[in-house]
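What follows is one structure encoded as structure tokens, with my remarks underneath.
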Amino acid sequence: MTKIRSSDITPEQVYLSRRKFMTGVGALALLAACGRAAPESEEPPAALPVDPTLAPTEGAVAQTDELGDSFTTFEAITNYNDYYEFSTSKEAVARLAGDFPTRPWTIEVGGLVQKPRIFDIEDILRFDQEERIYRLRCVEAWSMVIPWLGFPLSRLLKEVEPLSSAKYVRFQSFYDPELMPGTLALPQYPWPYVEGLSIAEAMHDLTILSTGLYGKELLPQNGAPLRLVVPWKYGFKSIKAIVKIDLVEEMPASLWMASGYGEYGFWANVNPDVDHRRWSQATERRIGENGRRETLFFNGYADEVASLYPNLDSRDWYY
Ligand SMILES: Nc1nc2c(c(=O)[nH]1)N[C@H]1C(S)=C(S)[C@@H](COP(=O)(O)O)O[C@H]1N2
Ligand SMILES: [Mo]
């Protein structure tokens, strides 16, 4: 007699069967629990296409983004990671980050705000969490579709009451060379990892702080316990393991800007027509698929975000 061990059931299978259940009996309850209907949820889930090759649970539904692209597997999302603090080898990050301690954890939010505050990660988890299905487009021309859990960054920022003099938001990652072997291998990098957004970008509804994916808490390799997700920009903007958020007047220098390697600068909006110095951005490899697909302007989110950028033709927005 064959027994199914619980270790044979992947988080993806559990997640998809739970989603199927929720679609059947509780889609409205789910929306209510989310506190806000995510754009993806406005479609009746039963109408979403099903990719049979990716459906471990018979009849599982609603496993695509709004363009009909299938979710990348949990396996791939958690084992193919860019996280230079641990390693430049994407396959090695999960193992090297495995024991990274994500509790206790605090996030200091300050700078040009009325009410600076230190949030405990438990405070952060009390914000209503919702699902956001986003494409993640790495600058290295690969991409995934990830069902994140999180909440709009704007909700956190409103709590600290930004001053009108604040023009940008600066994010900083946790940094401890003893826990992060990749930083010792790259001593020439200006650690800690830092990224930034304009206030308008930070307040945009698509910009989230993420605490989980596939219905589970984030794993260290994906930036636990708290990371940024900005789906219309190259993936390096979506900074992991955030410990500090500052509202500032001047454009902050990101790690990549400060590195002096001529990498992408501050704006880094996805654009198939603006190439990296060393490779084309016209196409990308979707992890789990064969061949290449065309890269989308603003990673497919132009309708939502193009209005953030006056004079869209200026190359400056895309590098
Ligand atoms: N602190 C930190 N954040 C980071 C990175 C990093 O090296 N360090 N890599 C970035 C890059 S290049 C990408 S593509 C995404 C990858 O996120 P994922 O591993 O969860 O898919 O994380 C981004 N956030
Ligand atoms: Mo990346």
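The values are calculated or read from the model by the stated rules, or taken from the named source; none is laboratory data. Source: prediction; values computed, not measured. Quick reminder, even Gly has a Cβ in these numbers, built from the backbone with ideal geometry, and neighbours come from all protein chains shown. In case anyone asks, the SASA skips ligands and DNA or RNA and just uses the protein heavy atoms, side chains included. Shrake-Rupley method; radii C 1.70, N 1.55, O 1.52, S 1.80 Å.
Here is how the numbers come out for the structure above:
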{"read-out": "Three-way shape label, region 277-319, alpha-carbon gyration tensor, a/c 1.5", "value": "oblate"}
{"read-out": "Residue-wise HN-Hα coupling along region 206-218, computed from phi with Karplus coefficients 6.51, -1.76, 1.60 (Hz; x: Gly, Pro)", "value": "6, 7, 10, 9, 10, 10, x, 8, 6, x, 10, 4, 4"}
{"read-out": "Accessible-area value, Arg155, 1.4 Å probe, nucleic acids and ligands omitted, Å²", "value": "80 Å²"}
{"read-out": "Region 146-218: C-alpha gyration tensor shape, a/c 1.5 cut-off, then a/b vs b/c", "value": "oblate"}
{"read-out": "Tensor-based shape of region 208-291 (alpha-carbon gyration tensor, a/c under 1.5 rounded, otherwise prolate or oblate)", "value": "oblate"}
{"read-out": "Solvent-accessible surface ranking, highest first, for His204, His276 at 1.4 angstrom", "value": "His204, His276"}
{"read-out": "Probe 1.4 Å, all protein chains present, accessible-area order of Glu217, Glu178, largest first", "value": "Glu178, Glu217"}
{"read-out": "Area of Leu163 that stays accessible when all protein chains are in place (1.4 Å probe, Å², to 10)", "value": "60 Å²"}
{"read-out": "Neighbour net charge for Asp176 - beta-carbon separation under 13 angstrom, K R +1, D E -1", "value": "-3"}
